[in-house]
Ligand SMILES: [Zn+2]
(Lines give C-alpha, C1' and ligand atoms only; values in the text may rest on other atoms or scores of the structure.)
Protein backbone atom coordinates (compact mmCIF):
# COMPACT_ATOMS: atom_id res chain seq x y z
CA UNK A 1 0.00 0.00 0.00
CA UNK A 2 1.57 3.29 -0.93
CA UNK A 3 0.60 6.79 0.10
CA UNK A 4 -0.06 7.71 -3.53
CA UNK A 5 -3.32 5.79 -3.43
CA UNK A 6 -4.26 7.58 -0.26
CA UNK A 7 -3.73 11.01 -1.83
CA UNK A 8 -5.83 10.15 -4.82
CA UNK A 9 -8.58 8.57 -2.78
CA UNK A 10 -8.95 11.43 -0.34
CA UNK A 11 -8.86 14.12 -3.02
CA UNK A 12 -11.40 12.19 -5.02
CA UNK A 13 -13.82 11.41 -2.20
CA UNK A 14 -13.64 14.42 0.07
CA UNK A 15 -13.66 18.14 -0.22
CA UNK A 16 -10.12 18.90 0.81
CA UNK A 17 -8.97 22.31 2.07
CA UNK A 18 -5.27 21.64 2.16
CA UNK A 19 -2.63 19.16 3.20
CA UNK A 20 0.02 18.94 5.86
CA UNK A 21 2.39 16.53 7.54
CA UNK A 22 1.86 15.00 10.96
CA UNK A 23 4.46 12.60 12.34
CA UNK A 24 6.01 12.42 8.88
CA UNK A 25 2.76 11.34 7.20
CA UNK A 26 0.52 13.32 4.88
CA UNK A 27 -2.83 14.41 6.25
CA UNK A 28 -5.60 16.28 4.46
CA UNK A 29 -7.59 19.01 6.11
CA UNK A 30 -11.32 18.83 5.48
CA UNK A 31 -14.40 20.59 6.78
CA UNK A 32 -15.37 18.57 9.84
CA UNK A 33 -18.35 16.28 9.09
CA UNK A 34 -19.67 17.25 12.53
CA UNK A 35 -18.98 20.93 12.23
CA UNK A 36 -22.55 21.89 13.12
CA UNK A 37 -22.05 20.40 16.56
CA UNK A 38 -18.90 22.40 17.33
CA UNK A 39 -19.35 24.64 20.33
CA UNK A 40 -16.30 26.88 19.78
CA UNK A 41 -14.89 28.69 16.72
CA UNK A 42 -13.77 26.72 13.65
CA UNK A 43 -10.41 27.06 12.00
CA UNK A 44 -9.32 25.57 8.68
CA UNK A 45 -6.98 23.08 10.31
CA UNK A 46 -9.35 21.69 12.93
CA UNK A 47 -10.21 18.48 11.19
CA UNK A 48 -8.04 16.16 9.13
CA UNK A 49 -7.93 12.74 7.58
CA UNK A 50 -4.86 10.54 7.74
CA UNK A 51 -3.74 6.98 7.24
CA UNK A 52 -3.72 4.92 10.44
CA UNK A 53 -1.81 1.83 11.43
CA UNK A 54 -2.21 -1.44 9.58
CA UNK A 55 -4.92 -3.93 10.53
CA UNK A 56 -5.62 -7.11 8.53
CA UNK A 57 -3.33 -5.97 5.75
CA UNK A 58 -4.94 -2.58 5.32
CA UNK A 59 -4.00 0.81 6.64
CA UNK A 60 -7.34 2.35 7.56
CA UNK A 61 -8.27 5.98 7.38
CA UNK A 62 -8.86 8.00 10.50
CA UNK A 63 -10.44 11.41 11.02
CA UNK A 64 -9.36 13.65 13.87
CA UNK A 65 -10.72 16.98 14.96
CA UNK A 66 -9.69 19.65 17.43
CA UNK A 67 -13.26 19.58 18.74
CA UNK A 68 -14.76 16.71 20.71
CA UNK A 69 -18.44 17.40 20.22
CA UNK A 70 -18.30 16.09 16.64
CA UNK A 71 -17.02 12.61 17.53
CA UNK A 72 -20.08 10.59 16.51
CA UNK A 73 -20.40 12.40 13.16
CA UNK A 74 -16.76 11.73 12.43
CA UNK A 75 -17.10 8.07 13.38
CA UNK A 76 -19.94 7.44 10.96
CA UNK A 77 -18.22 9.52 8.24
CA UNK A 78 -14.96 7.59 8.49
CA UNK A 79 -16.82 4.27 8.58
CA UNK A 80 -18.42 5.09 5.22
CA UNK A 81 -15.12 6.23 3.81
CA UNK A 82 -13.31 3.12 4.97
CA UNK A 83 -15.90 0.92 3.25
CA UNK A 84 -15.09 2.62 -0.06
CA UNK A 85 -11.40 2.62 0.75
CA UNK A 86 -11.34 -1.14 1.31
CA UNK A 87 -13.09 -1.80 -2.00
CA UNK A 88 -10.47 0.15 -3.87
CA UNK A 89 -7.49 -1.49 -2.26
CA UNK A 90 -5.45 -4.37 -3.56
CA UNK A 91 -6.26 -6.99 -0.92
CA UNK A 92 -3.64 -9.30 -2.27
CA UNK A 93 -0.90 -8.92 -4.83
CA UNK A 94 -3.16 -10.27 -7.58
CA UNK A 95 -5.85 -7.65 -7.24
CA UNK A 96 -5.32 -4.43 -9.12
CA UNK A 97 -6.32 -1.18 -7.46
CA UNK A 98 -9.63 0.34 -8.55
CA UNK A 99 -8.05 3.69 -9.40
CA UNK A 100 -5.37 3.86 -12.05
CA UNK A 101 -2.44 5.66 -10.55
CA UNK A 102 -0.66 7.90 -12.96
CA UNK A 103 0.92 11.28 -12.49
CA UNK A 104 -2.65 12.38 -11.81
CA UNK A 105 -2.03 11.86 -8.11
CA UNK A 106 0.76 14.38 -7.89
CA UNK A 107 -1.08 16.87 -10.09
CA UNK A 108 -4.05 16.57 -7.80
CA UNK A 109 -1.84 17.38 -4.89
CA UNK A 110 -0.75 20.55 -6.69
CA UNK A 111 -4.40 21.55 -6.98
CA UNK A 112 -5.01 20.92 -3.32
CA UNK A 113 -1.98 22.94 -2.26
CA UNK A 114 -2.91 25.72 -4.65
CA UNK A 115 -6.46 25.90 -3.31
CA UNK A 116 -5.14 26.03 0.21
CA UNK A 117 -2.69 28.76 -0.74
CA UNK A 118 -5.32 30.74 -2.56
CA UNK A 119 -7.64 30.64 0.43
CA UNK A 120 -4.89 32.08 2.58
CA UNK A 121 -3.94 34.64 -0.06
CA UNK A 122 -7.53 35.76 -0.50
CA UNK A 123 -7.78 36.57 3.18
CA UNK A 124 -4.44 38.35 3.19
CA UNK A 125 -4.32 42.07 3.81
CA UNK A 126 -1.48 43.68 1.79
CA UNK A 127 0.68 46.34 3.54
CA UNK A 128 -0.90 49.00 1.34
CA UNK A 129 -3.94 48.84 -0.90
CA UNK A 130 -3.69 48.74 -4.69
CA UNK A 131 -4.04 52.17 -6.26
CA UNK A 132 -2.47 51.64 -9.69
CA UNK A 133 -0.41 54.79 -9.28
CA UNK A 134 3.14 54.69 -10.69
CA UNK A 135 5.82 55.64 -8.17
CA UNK A 136 7.69 57.83 -10.67
CA UNK A 137 6.29 60.70 -12.62
CA UNK A 138 8.14 59.69 -15.74
CA UNK A 139 8.46 56.28 -17.41
CA UNK A 140 12.11 57.02 -18.14
CA UNK A 141 12.71 56.93 -14.39
CA UNK A 142 11.02 53.51 -14.33
CA UNK A 143 13.54 52.34 -16.88
CA UNK A 144 16.43 53.82 -14.90
CA UNK A 145 15.21 51.99 -11.84
CA UNK A 146 15.16 48.76 -13.76
CA UNK A 147 18.69 49.31 -15.01
CA UNK A 148 19.85 49.92 -11.44
CA UNK A 149 18.85 46.36 -10.49
CA UNK A 150 21.83 45.02 -12.42
CA UNK A 151 25.53 45.22 -11.81
CA UNK A 152 28.15 47.00 -13.87
CA UNK A 153 29.33 44.70 -16.71
CA UNK A 154 26.22 42.52 -16.54
CA UNK A 155 24.98 41.64 -20.00
CA UNK A 156 21.24 42.03 -20.15
CA UNK A 157 18.71 41.63 -22.93
CA UNK A 158 16.54 44.49 -24.11
CA UNK A 159 14.71 43.89 -27.32
CA UNK A 160 11.74 42.42 -29.12
CA UNK A 161 10.40 38.99 -28.34
CA UNK A 162 11.98 37.15 -31.25
CA UNK A 163 15.03 39.28 -31.67
CA UNK A 164 18.57 38.15 -31.40
CA UNK A 165 21.64 40.35 -31.23
CA UNK A 166 22.35 40.30 -34.94
CA UNK A 167 18.95 41.61 -35.99
CA UNK A 168 18.75 44.52 -33.68
CA UNK A 169 18.24 43.53 -30.05
CA UNK A 170 20.44 45.05 -27.44
CA UNK A 171 22.63 42.84 -25.40
CA UNK A 172 23.91 45.34 -23.09
CA UNK A 173 27.09 45.34 -21.11
CA UNK A 174 26.09 47.51 -18.23
CA UNK A 175 27.48 50.97 -18.19
CA UNK A 176 25.14 53.52 -16.77
CA UNK A 177 25.96 56.46 -19.00
CA UNK A 178 26.14 54.51 -22.17
CA UNK A 179 22.87 52.73 -21.53
CA UNK A 180 21.09 55.98 -20.86
CA UNK A 181 22.60 57.64 -23.94
CA UNK A 182 21.58 54.75 -26.04
CA UNK A 183 18.07 54.12 -24.79
CA UNK A 184 16.57 57.30 -23.52
CA UNK A 185 16.41 58.91 -27.00
CA UNK A 186 14.55 55.84 -28.18
CA UNK A 187 11.75 56.49 -25.75
CA UNK A 188 10.93 59.57 -27.70
CA UNK A 189 10.27 57.97 -31.06
CA UNK A 190 7.74 55.55 -29.55
CA UNK A 191 9.55 52.49 -30.86
CA UNK A 192 11.44 51.60 -27.76
CA UNK A 193 11.94 47.86 -27.55
CA UNK A 194 9.96 46.50 -24.73
CA UNK A 195 11.10 43.07 -23.60
CA UNK A 196 13.83 41.91 -21.28
CA UNK A 197 14.68 38.69 -19.40
CA UNK A 198 15.15 37.77 -15.74
CA UNK A 199 18.80 36.86 -15.93
CA UNK A 200 22.14 38.03 -17.20
CA UNK A 201 23.65 36.56 -20.36
CA UNK A 202 27.08 35.01 -20.56
CA UNK A 203 28.00 36.69 -23.83
CA UNK A 204 26.68 39.32 -26.18
CA UNK A 205 26.76 36.97 -29.11
CA UNK A 206 24.63 34.20 -27.75
CA UNK A 207 21.03 35.10 -28.33
CA UNK A 208 18.19 34.69 -25.94
CA UNK A 209 18.58 30.98 -25.28
CA UNK A 210 18.70 28.98 -22.08
CA UNK A 211 22.31 27.90 -22.59
CA UNK A 212 23.38 31.52 -22.92
CA UNK A 213 21.83 32.63 -19.66
CA UNK A 214 24.09 33.44 -16.75
CA UNK A 215 23.32 33.36 -13.06
CA UNK A 216 19.66 33.89 -12.50
CA UNK A 217 18.78 36.98 -10.50
CA UNK A 218 15.00 37.25 -10.61
CA UNK A 219 11.81 35.31 -11.05
CA UNK A 220 8.72 37.07 -12.33
CA UNK A 221 5.17 36.23 -11.31
CA UNK A 222 2.38 37.06 -13.72
CA UNK A 223 -1.29 36.16 -13.97
CA UNK A 224 -3.98 37.79 -16.06
CA UNK A 225 -7.27 36.23 -14.97
CA UNK A 226 -7.73 38.17 -11.74
CA UNK A 227 -8.31 41.82 -10.98
CA UNK A 228 -5.22 43.92 -10.42
CA UNK A 229 -6.35 44.43 -6.82
CA UNK A 230 -6.18 40.68 -6.27
CA UNK A 231 -2.89 40.34 -8.14
CA UNK A 232 -1.42 43.04 -5.93
CA UNK A 233 -2.61 41.24 -2.81
CA UNK A 234 -1.28 37.86 -3.99
CA UNK A 235 2.18 39.24 -4.74
CA UNK A 236 2.53 40.56 -1.21
CA UNK A 237 1.12 37.33 0.16
CA UNK A 238 3.76 35.36 -1.72
CA UNK A 239 6.44 37.73 -0.48
CA UNK A 240 5.42 37.31 3.16
CA UNK A 241 4.34 33.69 3.13
CA UNK A 242 7.40 32.33 1.32
CA UNK A 243 9.72 35.04 2.64
CA UNK A 244 11.25 36.01 -0.68
CA UNK A 245 12.20 39.57 -1.56
CA UNK A 246 9.77 41.35 -3.84
CA UNK A 247 11.79 43.94 -5.76
CA UNK A 248 9.39 45.49 -8.24
CA UNK A 249 5.76 45.44 -9.21
CA UNK A 250 5.17 46.51 -12.80
CA UNK A 251 1.89 47.28 -14.46
CA UNK A 252 2.23 45.47 -17.78
CA UNK A 253 0.05 48.03 -19.53
CA UNK A 254 -2.48 45.24 -20.08
CA UNK A 255 -4.35 42.95 -17.69
CA UNK A 256 -1.53 41.91 -15.44
CA UNK A 257 0.88 43.04 -12.79
CA UNK A 258 4.37 41.60 -12.79
CA UNK A 259 6.07 40.81 -9.51
CA UNK A 260 9.86 40.73 -9.78
CA UNK A 261 11.16 38.56 -6.93
CA UNK A 262 14.71 37.63 -6.05
CA UNK A 263 15.26 34.23 -7.59
CA UNK A 264 14.77 31.35 -5.18
CA UNK A 265 15.06 27.83 -6.52
CA UNK A 266 12.37 26.60 -4.13
CA UNK A 267 9.88 28.43 -6.31
CA UNK A 268 10.60 26.06 -9.17
CA UNK A 269 9.81 23.04 -7.02
CA UNK A 270 6.37 24.56 -6.43
CA UNK A 271 5.77 25.32 -10.09
CA UNK A 272 2.66 23.16 -10.43
CA UNK A 273 1.16 24.73 -7.32
CA UNK A 274 1.67 28.25 -8.67
CA UNK A 275 0.29 27.15 -12.00
CA UNK A 276 -2.94 25.96 -10.39
CA UNK A 277 -2.96 29.12 -8.36
CA UNK A 278 -3.25 31.00 -11.65
CA UNK A 279 0.29 32.11 -12.47
CA UNK A 280 1.75 31.90 -15.94
CA UNK A 281 4.61 29.59 -15.05
CA UNK A 282 6.07 29.92 -18.52
CA UNK A 283 7.69 33.00 -17.08
CA UNK A 284 9.53 30.76 -14.61
CA UNK A 285 11.69 29.66 -17.54
CA UNK A 286 14.95 31.52 -17.42
CA UNK A 287 15.07 32.69 -21.06
CA UNK A 288 11.41 33.74 -21.26
CA UNK A 289 10.90 37.35 -22.39
CA UNK A 290 9.12 39.66 -19.99
CA UNK A 291 7.93 43.22 -20.49
CA UNK A 292 10.53 45.85 -19.82
CA UNK A 293 9.84 48.23 -16.93
CA UNK A 294 9.48 51.70 -18.39
CA UNK A 295 9.07 50.31 -21.91
CA UNK A 296 6.18 51.08 -24.21
CA UNK A 297 3.47 48.64 -25.11
CA UNK A 298 2.53 49.55 -28.61
CA UNK A 299 -0.77 47.69 -29.05
CA UNK A 300 -2.15 49.07 -25.79
CA UNK A 301 -0.46 52.46 -26.13
CA UNK A 302 0.61 52.19 -22.54
CA UNK A 303 3.92 52.45 -20.77
CA UNK A 304 4.87 49.60 -18.46
CA UNK A 305 5.02 51.45 -15.20
CA UNK A 306 6.63 50.69 -11.83
CA UNK A 307 4.05 50.59 -9.02
CA UNK A 308 6.28 49.33 -6.23
CA UNK A 309 10.03 49.43 -5.70
CA UNK A 310 12.21 47.78 -3.07
CA UNK A 311 15.28 47.24 -5.19
CA UNK A 312 17.81 48.44 -2.70
CA UNK A 313 16.39 46.90 0.44
CA UNK A 314 17.91 43.77 1.88
ZN1 LIG B 1 -15.11 18.54 14.43
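The values are calculated or read from the model by the stated rules, or taken from the named source; none is laboratory data. All values derive from a computational prediction rather than experimental measurement. Here the Cβ is made from the backbone with ideal geometry for all residues, glycine too, and neighbour counts use every protein chain on show.
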Worksheet item: Restricting attention to region 41-60, which residues are under 22 Å from residue 120 (Cα atoms), part of a loop (DSSP other than H, G, I, E, B) and more than 10 Å from the ligand (Cβ to nearest atom)?
Response: 41, 43, 44, 45
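For every residue, the table says whether it meets (1) within 16 Å of the ligand (Cβ to nearest atom); (2) surrounded by 14 or more Cβ atoms within 10 Å (Cβ to Cβ); (3) modelled with pLDDT of 85 or more.
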site: 73; (1), (2), (3): yes, yes, yes
site: 82; (1), (2), (3): no, yes, yes
site: 89; (1), (2), (3): no, yes, no
site: 135; (1), (2), (3): no, yes, yes
Worksheet item: Which residue pairs have Cβ atoms under 6 Å apart, sit 6 or more places apart or on different chains, and have a first residue in region 60-72 that is assigned by TED's automatic domain parsing to the domain that holds residue 82 and a second that is assigned to a loop (DSSP other than H, G, I, E, B) and more than 9 Å from the ligand (Cβ to nearest atom)?
Response: 69/39
Worksheet item: Taking the stated definitions as given, is residue 19 away from the ligand (no atom under 16 Å from the Cβ), at pLDDT 80 or above and within 18 Å of residue 52 (Cβ to Cβ)?
Response: yes
Item to complete: Consider residue 37 carefully, then state whether it is within 11 Å of the ligand (Cβ to nearest atom) and within 16 Å of residue 15 (Cβ to Cβ).
Response: no
Item to complete: Residue by residue through region 61-71, note down the ones that are surrounded by fewer than 18 Cβ atoms within 10 Å (Cβ to Cβ) and outside any loop (DSSP other than H, G, I, E, B).
Response: 62, 64, 71
